[in-house]
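A short worksheet on the structure shown next.
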Amino acid sequence: MKKNSSRKSSLSKARTYAAMGDFWDTHDLSDFWDTTRSARADVYLESEESFYGIERGLSRTIRRAAKERGVSPHTLVNLWLQEKVRKLKLASRRG
C-alpha cells in the first residue's frame, strides 16, 4: 500500500491541520482506540518554580492577607516579591 505523503493524519485522512482540527472537533480518540499503537516518549521537565521555607507565623500572616485580597498565598507572595525586586532594581540604577 502506497503512503500518501501529503496526508498529515492517518485517522482523519486530513491533508491540512485545519481539516484535522475539524475532524477532531466532532470525533473522539476512544472511537479509534483499536487502531492506535503504543509509543514511547521520554520527557524531561525542569521546574520553573523554586520553593523557600517561610516561618510559620509569617506564613499565617501571608495566608490571611491573601484571603483578604481574594488571591492565593502563592500569588500574593509572587506579587510582593516582584514588587520588591523591581524597587531594588530601580534603587540600584539610581546609584
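The equivalent ellipsoid of the chain has semi-axes of 51, 20, 16 Å, largest first, where each one is the square root of 5 times an eigenvalue of the Cα gyration tensor.
Each peptide in 82-91, 39-48 gets a packing score, the mean of other Cβ atoms within 10 Å over its residues, and the list from highest to lowest is 82-91, 39-48.
Rule-based calculations on the coordinates, nothing more; no lab input. Just so it is clear, the structure is predicted and the values come from calculations on it, not from any experiment. Note that we place each Cβ from the backbone using ideal geometry, even for glycine, and neighbour counts take in every protein chain shown.
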